[in-house]
Amino acid sequence: MEYGVVKNVVSRLQVMHMTLSFSAKIEVDAREKSKAIFDSINTDNKFYPENPTKTEIYCNDKITILIRSDQLAPFRANLNSCIRLVQASHDSIESVKIL
C-alpha cells in the first residue's frame with residue numbers, strides 16, 4: 001500500500017433532502033388593549049408580502065398569531081418580530097394613558 005497526494009478525486013455524496021415544518025401559536029390577552037395591538041401588528045403583516053413564513057393574525061377576545069414555515073431562520077425571525085411588536089405596541093399604549 002502506498003501513501004501520497006491524490007491528484008484527482010471524485011467523491012460522491014448522497015444528498016438526502018429533509019423537509020421540516022415549524023409552527024407556533026401565540027395567544028395574547030391584553031384585555032381592552034387587544035384591538036389596538038392587533039391593528040398595529042396586523043398592519044406590519046400586510047405590508048411584508050415577501051415574508052417566507054405564513055403568518056395569520058386573528059383578534060377575538062385574545063390576539064392569536066399563527067406562524068408556519070419550512071425554514072428555521074425565517075421562522076425564528078418572524079416569531080421574535082411578532083413578540084417584540086406586541087410588546088412595543090403594548091408599551092406605546094401604556095405610555096399614552098389619558099386620565
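A short reminder: the numbers here are calculations on the coordinates, not readings from a lab. These numbers come from a predicted model, not from an experiment. When we count neighbours, we look across all protein chains shown, and the Cβ atoms used for this are built from the backbone with ideal geometry, even at glycine.
Between Asp91 and Leu66, what length in nm is gained on full extension when 0.36 nm per residue of separation is reduced by their alpha carbon distance? Let's see the in-between values first.
Numbers: separation 25, 0.36 × 25 = 9.00 nm, distance 2.22 nm.
Extending this stretch completely gives an extra 6.8 nm.
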Check: So how many Lys-Lys pairs in the range 22-95 land under 15 Å Cα to Cα, not counting same-chain pairs under 8 apart?
Finding: 5
Checklist line | Built amide H within the under 5 Å cut-off of Ala30, gap 5+ | finding: Ile63
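What number do you get for the range 22-95 when its Cα radius of gyration is normalised by 2.2 N^0.38 Å, N = residues? List each step's numbers first, then the result.
Numbers: Rg = 11.9 Å, N = 74, 2.2 N^0.38 = 11.3 Å.
Against the empirical 2.2 N^0.38 Å value, I get 1.06 for the range 22-95.
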Next item on the list: Pop out the ³J(HN,Hα) list for the range 87-95 in order, Karplus 6.51 cos²θ - 1.76 cosθ + 1.60 with θ = phi - 60°, rounded to Hz; leave Gly and Pro as x.
Entry: 5, 5, 5, 4, 4, 5, 5, 5, 6
Checklist line | Dmax and Rg, reported as Rg then Dmax, of the range 58-99 (C-alpha, Å) | finding: 13.6, 47
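Among Asp44, Asp61, which comes first, then next, by fewest other beta-carbon atoms within 10 Å? Don't jump to the answer; show the numbers that get you there.
Numbers: Asp44 15, Asp61 9.
Listing Asp44, Asp61 from fewest to most nearby Cβ atoms yields Asp61, Asp44.
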Note to self: Show me the ranking of peptides 27-36, 68-77 by mean Cβ neighbours inside 10 Å, starting with the highest.
What the structure shows: 68-77, 27-36
